[in-house]
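Read the structure below first, then the notes.
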């Protein structure tokens with residue numbers, strides 16, 4: 001079920017581009033998250049797979065105390081620089097699976113556009129360990145919703161041409177369902193909810209090519225094949241006037257860490 005796990009380290013190859021090209025998330029999603037998490041004064045957040053801070057920065061601006069973990073060394077350095085004006089935010093270069101947690105230390109566990117790289121059984125077990133009882137788990141993904149657009153249909157032949165060189169596996173929509181079902185079955189989580197926020201963004205040609213370059217499917221291509229793929233995509237973008245409208249739905253998956261049962265004597 002897990003994607004090719006070697007690909008998740010390749011985002012580090014394009015850290016600066018990742019910082020410029022990857023979108024953040026709707027502000028309303030963070031407002032909802034914090035309202036439902038009900039962080040206490042001085043509450044703490046653990047973020048896993050922060051990238052270059054696409055979800056970290058909006059929370060930092062709201063005055064939240066955050067420890068952000070990032071597997072990629074260059075990504076972590078870019079994130080730390082981006083967040084240097086927020087003394088309550090610490091970025092640590094480490095894999096979540098190798099990080100040594102303090103048990104029940106955090107009020108909120110967050111992972112945005114990253115937790116699908118971790119097997120649910122492993123990820124949820126470790127998340128439940130670091131969360132305080134009653135704490136909140138939040139998983140966020142930006143999902144593609146442009147499948148009915150003319151541009152999407154025009155680029156389908158290109159993806160079919162290169163599909164043998166691109167990794168196959170569950171889509172992000174699939175991962176939302178996988179994690180929702182895993183949370184609903186997990187004995188340490190309850191009150192699972194899923195909310196969605198629709199939005200749009202229009203990219204100029206180079207912006208969109210930069211965005212494509214940060215995708216794991218593109219990074220999996222060898223250099224020559226990647227160049228041909230991006231050239232083919234550029235040709236289609238030109239035929240659409242040099243811009244690409246893109247529709248997204250941000251999925252916010254929330255759950256509460258269960259309180260341990262009381263012992264009865």
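Taking the C-alpha atoms only, the angle from helix 223-239 to the longest principal axis of the chain is near 70 degrees. Stretched out straight at 0.36 nm per residue, the stretch from residue 151 to residue 231 would grow longer than its current Cα-Cα span by 27.3 nm.
Label positions at residue 62 and residue 168, each projected 7 Å from the Cα along the C-beta direction, are separated by 4.0 nm.
Counting pairs of Cα atoms in region 100-208, how many percent are more than 18 Å apart? So the pairs more than 18 Å apart make up 61 percent of the total in region 100-208.
Rounded to the nearest angstrom and listed largest first, the equivalent-ellipsoid semi-axes of region 1-135 from its Cα gyration tensor are 22, 19, 14.
Apply the a/c threshold of 1.5 to the C-alpha gyration tensor of region 93-158 and tell me whether it is rounded, prolate or oblate. Prolate shape, in that a/c is at least 1.5 and a/b is the bigger ratio. Both radii come from the Cα set of region 136-265: Rg as radius of gyration, Rh as Kirkwood radius; their ratio Rg/Rh reads 1.13. Rounded to the nearest 10 degrees, the angle from helix 150-162 to the longest Cα principal axis of the chain is 90 degrees. Residue order for 166, 233, fewest other beta carbons within 10 angstrom first, comes to 166, 233. Here the residues 149, 38, ranked from fewest to most Cβ neighbours within 10 Å of their Cβ, fall in the order 38, 149. Between residue 94 and residue 240, take the C-beta separation as r, use R0 = 30 Å, and let me know the FRET efficiency to the nearest 0.05. Using R0 = 30 Å, I get an efficiency of 0.10. Both radii are taken from the alpha-carbon atoms of region 187-254; with Rh as the Kirkwood radius, Rg/Rh is 1.18. Per q in 0.12, 0.28 Å⁻¹, report the Debye log10 I(q)/I(0) for region 152-222, using one uniform scatterer on each alpha carbon and no solvent. At q = 0.12, 0.28 Å⁻¹ the computed log10 ratios are -0.55, -1.30. On the principal axes of its alpha-carbon atoms, the chain has extents of 72, 39, 32 Å, going from largest to smallest.
Computed from the coordinates by the stated procedures, all read-outs in this text should not be read as laboratory data. Keep in mind the model is a prediction, meaning the values are calculated, not measured. Here the Cβ is made from the backbone with ideal geometry for all residues, glycine too, and neighbour counts use every protein chain on show.
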